[in-house]
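The values are calculated or read from the model by the stated rules, or taken from the named source; none is laboratory data. Keep in mind that what you see is a predicted model, and the values were worked out from it rather than measured. Here Cβ is always computed from backbone atoms with ideal geometry, including for glycine, and neighbour counts include all displayed protein chains. The protein model used for the area step is the full one, side chains on, heavy atoms only, and it has no ligands, DNA or RNA in it. Shrake-Rupley method; radii C 1.70, N 1.55, O 1.52, S 1.80 Å.
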Amino acid sequence: MGVKGLQFFLDHCCPEACVRVNLREMAREHAAKVQQGSTSAAIKKEPTLVVDGMACLRHWYTCKDWVCGGQWKEYVYALKSWVTVFTSAGINLVFFFDGVVEEQKRPEWVKRRRRVNRDIFKVFCHIKQHGEQPGGELFCLPSALATFTPFALRSLGLTVFRSEKEADYEIAAYAAENHCMGILGQDSDFIIFESAPYLSLAKLSMDTLTTVMYDQQKLCQTIGLPVRQLKLLAGLLGNDMVSEERMQHVRDNAMAFYRESHPQTHRGDRQGQVVLAVSKFLSSMCTKEDEATGNIPRSLNLSTPQRELLGKGIWYYLLPWERSLELDDIKGFENHVSPEILQACRDKHVAAEGFMVYNIVCHGVTECSNTLEDEHDSELLPQALVYKPCRQRIYGLVLLGGESETRKKRLFLVAEQSGHSLTQPVMKEWFVFPGNVLNEPELVHPVPVTLPWEDQLTLEMLWFSTAVSISALRLKTFLSIFGCIELYKMFGVIEDSLLAALCLVTYIVLQVQTLSQEDVDAYLSQAVCLRLKTNQELQQIELPFLCSRAVQLGSLYVRGLSHLLGANCASGCPLPSAALMPWQSFDGRLFHSKYLLAHSGTEGTALVDEDPSCLSLFLQLRDELTVTCRKRGRILQSRPQMPQQNAKTSTAASYRDGDPDGAEGWRRSRPTSAGRWHEEGWRERERDRRDPSDYEDGESTWWRDGHRGGRRGRGGPHNMRRPPRQSRGRVFNHRGRYQLAPRWSQPHRSGT
């Protein structure tokens, strides 16, 4: 994010503001000031670096296989090594992660999500054509990396915060308030705030622990503006608060003014010229009073709406003690919970201990970024639709389920005092999947969670009660959200992480009718085997080729773990959060290898690395899943996809050339039971078993710049399921397989 063009200007046009610094020396100087007592007592005893965690995700994830769903054990090991470099230098680290997407920044968020979807389309095209992971130009971070990284850092004993508002703002405020030695990130907003020094993550050398510090004072000297006017400059250049389009006329005037004044200079990159031109133009407009106060010059001739927008942009950069008032916050459903629940939501959210519940209560909005999903795969539902029923129950548990009479009376009283009627809350969902144009949020109705033997299930009971009986109630509530309460008897019999995996795979089987016995075997065998695998052993797994369907199933599982985490928080945490982490039950490369084995017909001990104890546990999990699903009329079928291992070039060529033994031969070899899952099959079969409102669906973080990763595969066909579809024109114009039909002209009905 940041200020448009300012980071480029700093790096390419303002060398005097780029100062190479050694972080070890900075830490020693900071510690010396504390010892001399020449600084405020508020300064932390340890030199502290505030880290923009979202900006670091790509810097941290250097594992070779990113497309398979994430090499999570290796990733956690890399995190630990990275942190150790700083702590050994005497530097304390504090991490911040985005907790919400502010509504004024939603258009930019949507624009980025659409762009990443185009890249994901290309990723799957590459996998199908070559049977291998694409190169770094299409690198995408594994799904839910931003969700689970804070938990990984907390497990290493580090201080982690999730923001209640914009993370950049809270980082700057924390760094200033605690007199930290610097902010490590890659966002030009940090040089606008009057906070701690802005240190470049992109130019960080871990070997020498050196980087570039962007000097705010030297920047101001170069562009001829006082520090207070940087906030106005940011709005005129364009940022997440003030779109580029709204101030385009000001920049055009500034460029014309600048070229008249400097006809012989600055023929270089326009980005650098614009920053300097707007700065000079602004300087010519400002009076001494404007420079002292940071006010918007009247001579800019802005309309009232434009002036108000710029005012909001300036206000954004004012730290808490600089603000005379707070703008109105977007309210969620705070009136639907008790003050104690509301405070607990905030505390857990800020401490990065919770997930999803805060956004439900305080904002009434949930979102999910891009997921590796193949828009040409008509058999697999998008994860947004797969997990929608459990999200509805989470919403119901938090906002509706088992409301006590006292709580109901309080809600009616609040409604009466405010002059509004008490209506059922409706959640706004921004979930990204192929075909969803994200023009508006999807409105999703909560579904109450009911337990047959529990007359009055309240959130206060689940969250705060210390009664022994409530422990069992918490777990049963959690399992009920996923429709598999029978698995309660497995608690204490198997490890918590395996219980979580069993619950998740059972839920996926119940929701995705095309999931086969081979898919289940791959999920469960890798969860069982992962417990005994070292980080080195996981890295040594060889994959003969990649399968696009396995790629999507891997991402589907990891997204499911984040839903387990949200349900666990809502249910009062019956399972420790550590049991729900992906490094406990999933490794992308291991899963992919098990998938290829299972669909090749491998069974028994061979699927679990010839380990009898693993085989016994695997069969136990599979039996429990089978029985649970059979009770609900879901019978798993064997549908091996017949993975081929001939040379990828010949296979891909036969598909491209229309060889009947390639595409048509593949179709003939498929079981007849799969014949009905045609292009729009998921929509028809979902209608048969769900309420129509379940189709009403409308963020990690992804990065698309170059990456040095991108492991090349070792041959094999492009995809063991079907030939690649031929594009009709440029790939990014493809609309996708999951575009919802425009039949929702009538008001939406609540889901069940």
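Just a few scattered comments:
- Only one of 551, 558, 528 that is open to solvent by less than 10 Å² (accessible area, probe 1.4 Å), in contact with a Ser or Thr (Cβ under 8 Å, 6 or more places away or on another chain) and in a helix (DSSP H, G or I): 558
- Cβ pairs under 7 Å, 6+ apart, first in the range 92-104 and closer than 19 Å to residue 80 by Cβ and assigned to a helix (DSSP H, G or I), second modelled with pLDDT under 95 and among the aliphatic types (A, V, I, L, M): none
- Selection status of residue 416, in a helix (DSSP H, G or I), at pLDDT 90 or above and open to solvent by 20 Å² or more (accessible area, probe 1.4 Å): no
Matching residues to (1) open to solvent by less than 30 Å² (accessible area, probe 1.4 Å); (2) of a type in the set (A, V, I, L, M); (3) at negative phi:
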{"residue": "307", "(1), (2), (3)": "no, no, yes"}
{"residue": "313", "(1), (2), (3)": "yes, no, yes"}
{"residue": "316", "(1), (2), (3)": "yes, no, yes"}
{"residue": "346", "(1), (2), (3)": "no, no, yes"}
{"residue": "357", "(1), (2), (3)": "yes, yes, yes"}
{"residue": "372", "(1), (2), (3)": "yes, yes, yes"}
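- Looking only at the range 21-45, and only at residues there that are outside any helix (DSSP H, G or I) and surrounded by 16 or more Cβ atoms within 10 Å (Cβ to Cβ), the one that is modelled with the lowest pLDDT: 43
- Only one of the numbered conditions (1) surrounded by fewer than 18 Cβ atoms within 10 Å (Cβ to Cβ); (2) out of contact with any Gly (no Cβ under 8 Å at 6 or more places or on another chain); (3) more than 19 Å from residue 163 (Cβ to Cβ) is not met by residue 108, and that is (3).
- Evaluation of residue 247 against (1) at pLDDT below 95; (2) surrounded by 19 or more Cβ atoms within 10 Å (Cβ to Cβ); (3) over 31 Å from the mean Cα position of the chain (by Cα) (one fails), failing number: (3)
- Residue in the range 570-582 that is aliphatic (A, V, I, L, M) and closer than 26 Å to residue 637 by Cβ present: no
- Every test in (1) more than 25 Å from residue 318 (Cα to Cα); (2) open to solvent by less than 70 Å² (accessible area, probe 1.4 Å); (3) at pLDDT below 80; (4) not β-branched (Val, Ile, Thr) is passed by residue 266 save one, and that test is (2).
- Filter pass, residue 192 being crowded, with 22+ Cβ neighbours inside 10 Å, out of contact with any Pro (no Cβ under 6 Å at 6 or more places or on another chain), at pLDDT 95 or above and farther than 25 Å from residue 89 by Cα: yes
- Where a residue in the range 584-597 is within 20 Å of residue 131 (Cβ to Cβ) and its partner, wherever it lies, is open to solvent by less than 10 Å² (accessible area, probe 1.4 Å) and charged (D, E, K, R), with Cβ under 7 Å and at least six apart: 588/65; 589/65
- Filtered residue count, the range 569-591, keeping only those that are crowded, with 22+ Cβ neighbours inside 10 Å, within 22 Å of the chain's Cα centre (by Cα) and assigned to a helix (DSSP H, G or I): 9
- Which numbered condition residue 176 fails, given (1) within 28 Å of the chain's Cα centre (by Cα); (2) under 23 Å from residue 79 (Cβ atoms): (2)
- All of (1) buried (at least 22 other Cβ atoms within 10 Å of the Cβ); (2) modelled with pLDDT under 90; (3) polar (S, T, N, Q) hold for residue 229 with one exception: (2).
- Flag if residue 129 is over 20 Å from the mean Cα position of the chain (by Cα) and closer than 17 Å to residue 58 by Cβ: no
- Among the residues of the range 113-162, the ones that are on the phi > 0 side of the Ramachandran plot and surrounded by fewer than 22 Cβ atoms within 10 Å (Cβ to Cβ) come to 1 in all.
- Evaluating residue 259 against the criteria (1) within 26 Å of residue 184 (Cβ to Cβ); (2) open to solvent by 30 Å² or more (accessible area, probe 1.4 Å); (3) part of a helix (DSSP H, G or I); (4) modelled with pLDDT under 90 leaves one unmet condition, (1).
- Only a single criterion out of (1) over 26 Å from residue 334 (Cα atoms); (2) of a type outside the set (A, V, I, L, M); (3) open to solvent by less than 10 Å² (accessible area, probe 1.4 Å) is not satisfied by residue 477, namely (1).
- For beta carbons closer than 6 Å, sequence separation of 6+ or different chains, a first residue in the range 59-84 that is modelled with pLDDT of 95 or more and a second that is among the β-branched types (Val, Ile, Thr) and assigned to a helix (DSSP H, G or I), the qualifying pairs are 67/551; 69/558.
- Breaking point among (1) under 30 Å from residue 353 (Cα atoms); (2) of a type outside the set (Gly, Ala, Ser); (3) touching a Cys at 6+ places or on another chain (Cβ under 9 Å), for residue 93: (3)
- Check on residue 271, among the polar types (S, T, N, Q) and at pLDDT below 85: yes
- Some residue of the range 319-336 being surrounded by 15 or more Cβ atoms within 10 Å (Cβ to Cβ), more than 28 Å from the chain's Cα centre (by Cα), among the small types (Gly, Ala, Ser) and more than 23 Å from residue 97 (Cβ to Cβ): no
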